[in-house]
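> Before I ask anything, here is the structure I am working with.
The values are calculated or read from the model by the stated rules, or taken from the named source; none is laboratory data. All values reported here derive from a predicted model rather than from experimental measurement. Virtual Cβ from ideal backbone geometry, glycine too; neighbours counted across all protein chains shown.
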Amino acid sequence: MGVVEEAHNAKILGSGQQVIVLAHGFGTDQSVWKHLVPHLVDEYTVILYDNMGAGTTNPDYFDFSRYSTLEGFAYDLLAILEELHVESCIFVGHSVSGMVGVIASISRPDLFSKIVMLSASPRYVTQSALVLLIIRSSWLIMYKFHSLIFLYICFTMQ
């Protein structure tokens, strides 16, 4: 097992001619594919891996500057494909991994015969917009929580 393969907990299942790479979304790991994989291994070689920082990846390999952009994850995907000697694959990316696959395919289009994106976002909010969204969400949650407490007090005082 190579360094990249080990760092990303890469697994190769099945023995078909075509290679399918399944890339998980943000906040998950490769286990999200556990119900799909059994349906693919008879006809395809399936590659699963964890994005750095997810699942059982080694935290010693995490580099904040590298993974502050999607390109860092795309470089990892290309390194995995290279280390596993993949010449062409069908790439299935969920959530953020959909865009990671697109970025990787711009650098190496020869490695991707098809790209399937599941619930991928074409754009990610800026940090300031994200902070505003979190603050707004927090206020809404607090408002709803206080409303529930008020209703509870009103109904229990009868």
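> Can you pull out every residue in the stretch 93-124 that is surrounded by fewer than 17 Cβ atoms within 10 Å (Cβ to Cβ) and at positive phi?
SER119, the sole residue that qualifies.
> Further question on the same structure: Condition first: part of a loop (DSSP other than H, G, I, E, B), charged (D, E, K, R) and either at pLDDT 85 or above or touching a Ser or Thr at 6+ places or on another chain (Cβ under 7 Å) (or both). Now tell me which residues in the stretch 4-63 satisfy that. I'd like the intermediate steps shown before the answer.
First, pick out the residues of the stretch 4-63 that are part of a loop (DSSP other than H, G, I, E, B): 8-10, 14-17, 24-29, 34-36, 41-43, 50-58, 62-63.
Filter once more, so that each one left must be charged (D, E, K, R): 29, 34, 42-43, 50, 63.
Those that are part of a loop (DSSP other than H, G, I, E, B), charged (D, E, K, R) and either at pLDDT 85 or above or touching a Ser or Thr at 6+ places or on another chain (Cβ under 7 Å) (or both): ASP29, LYS34, ASP42, GLU43, ASP50.
> Of everything in the stretch 50-74 that's of a type in the set (Phe, Trp, Tyr) and touching a helix residue (DSSP H, G or I) at 6+ places or on another chain (Cβ under 8 Å), which residue is surrounded by the most Cβ atoms within 10 Å (Cβ to Cβ)? Before you say what the answer is, go through the steps one by one.
To start, the set of residues in the stretch 50-74 that are of a type in the set (Phe, Trp, Tyr) comprises 61-62, 64, 67, 73.
This time we only want the ones that are touching a helix residue (DSSP H, G or I) at 6+ places or on another chain (Cβ under 8 Å), so: 61, 67, 73.
Details: TYR61: 16, TYR67: 17, PHE73: 22.
By that ranking, first place goes to PHE73.
> Could I ask something else about it? Only one residue in VAL21, VAL37 is over 16 Å from the mean Cα position of the chain (by Cα), surrounded by 14 or more Cβ atoms within 10 Å (Cβ to Cβ) and touching a residue at least 24 places away in the same chain (Cβ under 8 Å). Which one? First the steps, then the outcome.
Working: VAL21 fails: over 16 Å from the mean Cα position of the chain (by Cα).
The conditions single out VAL37.
> Out of curiosity, is ILE90 at pLDDT below 55, surrounded by 10 or more Cβ atoms within 10 Å (Cβ to Cβ) and either within 21 Å of ILE12 (Cα to Cα) or not small (Gly, Ala, Ser) (or both)?
Working: at pLDDT below 55: no; surrounded by 10 or more Cβ atoms within 10 Å (Cβ to Cβ): yes; either within 21 Å of ILE12 (Cα to Cα) or not small (Gly, Ala, Ser) (or both): yes.
Here the answer is no, as ILE90 does not meet what is asked.
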